[in-house]
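This report concerns only the one structure given below.
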Amino acid sequence: MKRMCYDFVVCGAGISGMVAAVAAARKGLKVALLNDRSVPGGNASSEIGVVIQGSSHHNLNYSIYAKETGIMDELRSKLDYAVAFCGYDVAAACDAVFLDFLYDEPNIDLYLNTVVTDVVAGEGKITSVLAYQMKQDIHYAFIAPVYADCTGDAVVAFKAGADVSMGAEAKHEFGEKSADESAQTWTMGHTLYFEIEDVGHSVKFVRPKFAHDVAKMDFMKDMGNPKKMRMLHVGGRFWTLEYGGQVNTIADNEHIHLELRKLVYGLWDYIKNSGKFPNAENFVIKRVYSVAGSRESRRILGDVILTETDLDQAVHFEDSVLVGGWPMDLHAPKGIYDDLPASAFIPVTMVYDIPYRSLYSRNISNLFMAGRNISTTHIALSSTRVIATCGAMGQAVGTAAWLCKKYGYMPRELYHNAIGELQQVLLQDDQFIIGREERGNAALEAHFTASADSQQPYENLDEEVTSVLSYPMGLTLPLPEGILSSLEVRIANQSAREATLTVDVLKGSRKEAYVPGRRAKTLEISVPAEFDGWLPIHVNESAGEDQKLYLVMRPNESLTVTGSKQMLPGALTGKFYTEKAGSYNHNTCPLDEKTGYIGQDHTFRTFNLCFRNVLPEQDEFRPGNVLNGYTRPYGHMNMWLSAAAETANVILQADEPQWIDRMEIFFDNELEDDRRRIIPAATVKDYNVWVTTPDGEEMIPVRDNFLRRSVVEIRKNVKQIRVELLSTYGAARFAVYGIKLY
């Protein structure tokens, strides 16, 4: 047996394990990363094919600017760039990008096809992890001060004797409103994806003998029922093709995989040969993925167990190290065989804290965890389990492992003695933690002031679309001045009689969200007959605790409003619902009854109200935002936004020369949008950095950037830095969230 000694051993090279290893390695730790299969990536790998999603929830989370940043965003951006510009199919890009991501770190030793066989532990501490590399017939003993279980199934924790849980808790255990009265052994099941291809001519399909003849099976009665969310079409990658929650997702794993293969080929046979899908004639089944994606198995218990209530109420934890934001997405335990809908969505109305204390074992002193096996209840897991959120857990754990090495701490000791330092290091590395201000080097940056050669006014004048005011329509405005006296909206009265525009002024309390909590006042504004122009609205109201106001115009069929298809950052338009408006779907944000509304939906991707003459003037996009300690929206946008131009400059001027090792610049990569396979239009592609020293000026060119966080090495005494922005991936304006100097 080969004894291998490291600073940190990470078991499981899914996204959480990969990010944990990279985070630790970049801080200088020597890391072993073990994976039981031949490629890294876990559920996001080429073997399983799950698309990376996270706290943004397909752009539906009502924190709006909710996307994970940090190492997780870097990895996603590299994957997107490979698909968009480097000639890779998505599956091939996963292998290439993930392997590059790991092999680019000299401090990581990657052990593929290496299975954890046992764990040596005693007195509440792991002393070694035993593993077998099957291809080379090598037995290993991995020894480190701290370990991370990122296996999904909590293999290391279980073998070490850690406290674990599996199944669903009873309501009385944590007081979760959606829990059953009694505990259940069932979990969420697995899904096996498949892909199809149009070959351009008619082709038949012959069902293999082992596959199900699904036409004879009872579950087909629910196929095509939108209320059950199990739709059949000429496609593939059906997330509802799920099975296994009613058995043991670990002990019965092989049975689950075989059953899913029987279903895949059986369903494709039905699509091809039932006669109900004539558009399938030219399609072949191109690929059945080699491994089913897992949703749930064991969970490792930590000092904090996250619950439905924590997520529903967005409870603040002082040791928060990342966010979640996916809805609680509880899949029916019997999967495709269940009479229940495929999933029951419990809304998560905004991003929520995930505390550090849920990322280490409560009874194995040197064990971290990241991924779908962290310390949560069954219901809370249904939100925290999504891939990008798991990746952010990995960054927190990998960084914590470095601090444990630095101070000689175990994970719990770090919580008691250095949690603030952990949070600051994570913020420096662009991890999203709600409301935390981070300074790259506050003492250094205090010597600089920021200016720019252009700035976007706080107005939306792009008149592209008109809409009858047939439903409550709300405009949300962040207010850096803390008060709104008045503004003008573009409106028309289609009738020959005077009309009344009724506006509800709402306020909220959470700076990280776009969710009002109460009504402050109601305004009634007279609109003259056949009026068509800019209508003043005298609001005279201070901002809420969230530093915003919500102006909701009640329906009036005589009135039309004008909007734009373009969104001014921060100034968002939404559709509101009253009790008389009927039902609303799971993508709707529920509201407190104190607002007078029951919910709101996004409309800002297709319609944004035009407005102008905001008084007092709101300097929302001032250049000084790049040095204010925030690199994403929180209350305000915290960005400098240029006026539309071919180029723009932001300048940092020092009161006297300062030594600068490096500059980090944080661009807008559309934190409100998690669509993948493209580089977001707002991302700055090409820019120059002009560095003025006592000896002259030097230009540092940066080309083909695709990252939100772009690092420029300087290593000079600096009087001035001028960032000359040259091009984006399609946006008309340049946006910078922050500049940090080190």
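The values are calculated or read from the model by the stated rules, or taken from the named source; none is laboratory data. Remember, it's a predicted structure, so these values are computed and weren't measured experimentally. Methodologically, a virtual Cβ is constructed for each residue, glycine included, from the backbone with ideal geometry; neighbour enumeration extends over all protein chains shown. Keep in mind that these areas ignore ligands, DNA and RNA; they rest on the heavy atoms of the full protein, side chains included. Shrake-Rupley method; radii C 1.70, N 1.55, O 1.52, S 1.80 Å.
Details
- Helices (runs of 4 or more DSSP H) completely within the range 377-485 that count 1 or more residues being without any contact (Cβ under 8 Å) to a residue 12 or more places away in the chain: 387-407, 411-428, 442-445
- Subset tally (residues that are open to solvent by less than 30 Å² (accessible area, probe 1.4 Å), in contact with a Phe, Trp or Tyr (Cβ under 9 Å, 6 or more places away or on another chain) and under 30 Å from F142 (Cβ atoms)) for the range 325-382: 13
- Here is the figure for the range 225-250: residues that are open to solvent by 40 Å² or more (accessible area, probe 1.4 Å) and not basic (K, R) total 10.
- I15 being more than 23 Å from V129 (Cα to Cα), modelled with pLDDT of 95 or more and surrounded by 23 or more Cβ atoms within 10 Å (Cβ to Cβ): no
- Check on K521, open to solvent by 50 Å² or more (accessible area, probe 1.4 Å) and modelled with pLDDT under 95: no
- For the range 165-198, a residue qualifies if it is in a strand (DSSP E or B) and closer than 22 Å to N43 by Cα, and the qualifying residues are S165, H190, T191, F194, E195, I196.
- Screening R715, R733 for residues that are open to solvent by 50 Å² or more (accessible area, probe 1.4 Å), under 25 Å from G629 (Cβ atoms) and in a loop (DSSP other than H, G, I, E, B) leaves exactly one candidate, R733.
- Within the range 586-629, the set of residues being within 27 Å of the chain's Cα centre (by Cα), among the aromatic types (F, W, Y) and at pLDDT 95 or above comprises just one member, F621.
- Search result, residues across the range 639-654 that are open to solvent by 10 Å² or more (accessible area, probe 1.4 Å) and either part of a loop (DSSP other than H, G, I, E, B) or at pLDDT below 95 (or both): A643, A644, A645, E646, T647
- Any hit, the range 650-665, residues being in contact (Cβ under 8 Å) with a residue 24 or more places away in the chain, out of contact with any His (no Cβ under 9 Å at 6 or more places or on another chain) and under 23 Å from H58 (Cα atoms): no
- For the range 298-324, taking the residues that are acidic (D, E) and open to solvent by 10 Å² or more (accessible area, probe 1.4 Å), the one that is nearest to P355 (Cα to Cα) is identified as E318.
- Contact map, the range 708-722: first residue touching a residue at least 12 places away in the same chain (Cβ under 8 Å), second residue among the aromatic types (F, W, Y), Cβ cut-off under 7 Å, separation 6 or more or different chains; pairs are R708/F666; R708/F667; R709/F666; S710/F667; N717/W659; R722/W690.
- Look at the range 167-178: where a residue is over 20 Å from I300 (Cα atoms) and a partner is β-branched (V, I, T) and surrounded by 13 or more Cβ atoms within 10 Å (Cβ to Cβ), sitting 6+ places away or on another chain with Cβ atoms under 6 Å, you get S178/I346; S178/I379.
- Of everything in the range 655-669 that is of a type outside the set (V, I, T) and open to solvent by less than 30 Å² (accessible area, probe 1.4 Å), the residue that is farthest from S55 (Cα to Cα) is Q658.
- Conditions (1) outside any strand (DSSP E or B); (2) open to solvent by less than 50 Å² (accessible area, probe 1.4 Å); (3) farther than 22 Å from V348 by Cβ; number of the one not met by T606: (2)
- Test: residue in the range 262-275 that is assigned to a loop (DSSP other than H, G, I, E, B), hydrophobic (A, V, I, L, M, F, W, C) and buried (at least 17 other Cβ atoms within 10 Å of the Cβ): no
- Remark: V146 matches the filter, which requires a residue to be in contact (Cβ under 8 Å) with a residue 12 or more places away in the chain, in contact with a Pro (Cβ under 8 Å, 6 or more places away or on another chain) and buried (at least 24 other Cβ atoms within 10 Å of the Cβ).
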